[in-house]
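*Asks:* The structure is given below, and queries will be raised subsequently.
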Amino acid sequence: MKCRKCGSKAHVNMRQHKLALCKEHYLEWVPEQTERFIKKYQMFTHEEKILVAVSGGKDSLSLWDILVRLGYQADGMYIGLGINGGIHYSDESHRLTEEFAQRHGLKLHVVDIEKEYGQPIPVLAEMTHRGQGKPCSVCGLAKRHEMNRIARDLGYDVLATGHNLDDEAAVLFGNTLTWASEYLLRQGPVLPENEGLARKVKPLCRFYEREMTAYAIARGIEYIYDECPYAEGSQSIYYKELLNQLETTRPGAKLTFYLSFLEARKSGNLFIEKNVEQAHMHPCSKCGQLTSAPGLCSFCRMMEKVNAAVE
Ligand code: SF4
Ligand code: ZN
């Protein structure tokens, strides 16, 4: 396999694009494509302040790296979940994120859930009995809440996450299986800003997971290889495996699945009534973030339970 641009030995072969590139040209191609997606979906401009949610994994660190290489004003935010156990997942991902920020002279905000709310994620999950033994629903809730809070308090215009195509296709697959209209309407590369909540964007949503791995390795980015120990056996990993099987026999199937969904939604061909969108959102009476429930948002309601359990 030879690089299409220079003819030297290819580093990455992307069957779905019928494109092979050497390391040097691949490292140019990824930011060029990212810039193209940022413009196409009108994610943000060079004048806006971007907060990148960084987990220490290959996708979020690569995203930060790419945005900085493209000259955007991008600071990082790391959320310490307190998930350690055997592999020291949180300690290790925190260390790698700090190292990356230092090496590139970048600004990193760190929020530690235990310091902020008294307990690490697994204990909060136990105390609130949510999610049948897995802390993921509590974790997702807390991460979303903290990202919105920091973006709002520190005046960021945009919140960027490192979701790649494999992530997005798996979520889409899950939502399609149950035709979850409310989620389908909200899924996409950009979620517009809404009364005090920063715009949310996913600049890597058209890159395959293996493309991001190839980028991180080619750039020499040190990232945490292990997944969070609670990710094992999750539904999204199962969906990813199914989609990978499909991709093996039909290269490009994942990308087509996601892009045709975006296309259908844009042209109003999803057969979903628009009225479920933004159903009666109002600010939480405690933290001010938008919620559809009356009174407190789900995060503040969860914390009330935790506090009640402590007293
Ligand atoms: Fe949180 Fe880990 Fe679950 Fe992901 S897999 S939501 S990091 S607990
Ligand atoms: Zn709240």
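*Asks:* Work out the charge dipole of region 136-292 with +1 on the Cβ of Lys and Arg and -1 on the Cβ of Asp and Glu about the Cα centre, then indicate which of Pro283, Leu204, Cys136 is farthest towards its positive end.
*Replies:* Pro283
*Asks:* Accessible area per residue, 1.4 Å probe, Å², for the chain: what's the number?
*Replies:* Result: 51 Å² per residue.
*Asks:* Then there is this: Against the longest principal axis of the chain, how steep is helix 235-249, in degrees 0 to 90 to the nearest 10, with axes from Cα atoms?
*Replies:* 20
*Asks:* A further question follows. Can you tell me how region 208-296 classifies by the Cα gyration tensor, rounded, prolate or oblate, using a/c under 1.5 as the rounded cut?
*Replies:* Oblate is the answer for region 208-296, as a/c is 1.5 or above yet b/c matches or exceeds a/b.
*Asks:* Give me the one-decimal nm value for the distance between modelled label points at Lys18 and Ala231, 7 Å along each residue's Cα-to-Cβ direction.
*Replies:* Between Lys18 and Ala231, the label points sit 3.3 nm apart.
*Asks:* Comparing Ala125, Ala101, Ala180, which has the greatest mean-square fluctuation in the GNM of the chain with Cα pairs linked when under 10 Å apart?
*Replies:* It is Ala180.
*Asks:* How large are Rg and Dmax for region 73-130 when only the alpha carbon atoms are used, in Å?
*Replies:* For region 73-130, the Cα radius of gyration and maximum Cα-Cα distance read 13.2, 41 Å.
*Asks:* With charges only on Cβ, +1 for K and R and -1 for D and E, what is the dipole size of the chain about its Cα centre, in debye, rounded to 20?
*Replies:* 1120
*Asks:* Under the rule a/c < 1.5 gives rounded, and otherwise a/b versus b/c splits prolate from oblate, where does region 34-277 land using the Cα gyration tensor? Intermediate results must be reported in sequence, preceding the final value.
*Replies:* On the way: a/c = 1.31, a/b = 1.18, b/c = 1.11.
Rounded, because the longest to shortest axis ratio a/c is under 1.5.
*Asks:* Would you look at the GNM of the chain, springs on alpha carbons closer than 10 Å, and say which of Met14, Met147, Met212 moves the most?
*Replies:* Of the options given, Met14 has the highest mean-square fluctuation.
*Asks:* For Val310, Val54, write out the residues from largest to smallest accessible area, computed with a 1.4 angstrom probe and no ligands counted.
*Replies:* Result of the area sort, largest leading: Val310, Val54.
*Asks:* With the crude spin-label approximation of a point 7 Å out along Cα→Cβ, what separation in nm comes out for Glu311 versus Arg210?
*Replies:* It is 5.5 nm.
*Asks:* Which percent of the accessible heavy-atom area of region 34-277 goes to carbon and sulfur, probe 1.4 angstrom?
*Replies:* C and S fraction of accessible area: 51 percent.
*Asks:* Which three extents, in angstrom, do the Cα atoms of region 1-134 have along their principal axes, listed largest first?
*Replies:* Extents along the principal axes: 58, 36, 30 Å.
*Asks:* Still on this structure: Quick one: among Gly196, Gly288, Gly133, which has the greatest mean-square fluctuation in a GNM of the chain with alpha-carbon springs under 10 angstrom?
*Replies:* Most flexible of the set in this elastic network: Gly133.
*Asks:* A further question follows. Please name which of Gln187, Ala125, Tyr225 has its Cα lying farthest along the dipole of the chain towards the positive end, using unit charges on Cβ (Lys, Arg +1; Asp, Glu -1) and the Cα centre as origin.
*Replies:* Highest projection toward the positive end goes to Gln187.
*Asks:* What dipole magnitude, in Debye to the nearest 20, does region 89-128 give about its Cα centre under +1 on Lys/Arg Cβ and -1 on Asp/Glu Cβ?
*Replies:* 240
*Asks:* Over what distance in Å are the Cα centres of region 188-257 and region 143-175 separated?
*Replies:* 12
*Asks:* While we're on this one: What does the helix-only formula give at 222 nm for the chain: each DSSP H stretch with n ≥ 4 adding -39500 (n - 2.57), the total divided by the residues, and the result rounded to the nearest 500 deg cm²/dmol?
*Replies:* Details: 12 runs with 147 residues, N = 311.
Per the formula, -15000 deg cm²/dmol.
*Asks:* How far apart, in nm, are two points set 7 Å out from the Cα along the Cα-to-Cβ line at Ile217 and at Ser292?
*Replies:* For Ile217 paired with Ser292, the spin-label model returns 4.2 nm.
The values are calculated or read from the model by the stated rules, or taken from the named source; none is laboratory data. Keep in mind it's a predicted model, so treat the numbers as computed, not measured. Neighbour counts are summed over all protein chains in view; Cβ atoms, including those assigned to glycine, are modelled from backbone coordinates with ideal geometry. The protein model used for the area step is the full one, side chains on, heavy atoms only, and it has no ligands, DNA or RNA in it. Shrake-Rupley method; radii C 1.70, N 1.55, O 1.52, S 1.80 Å.
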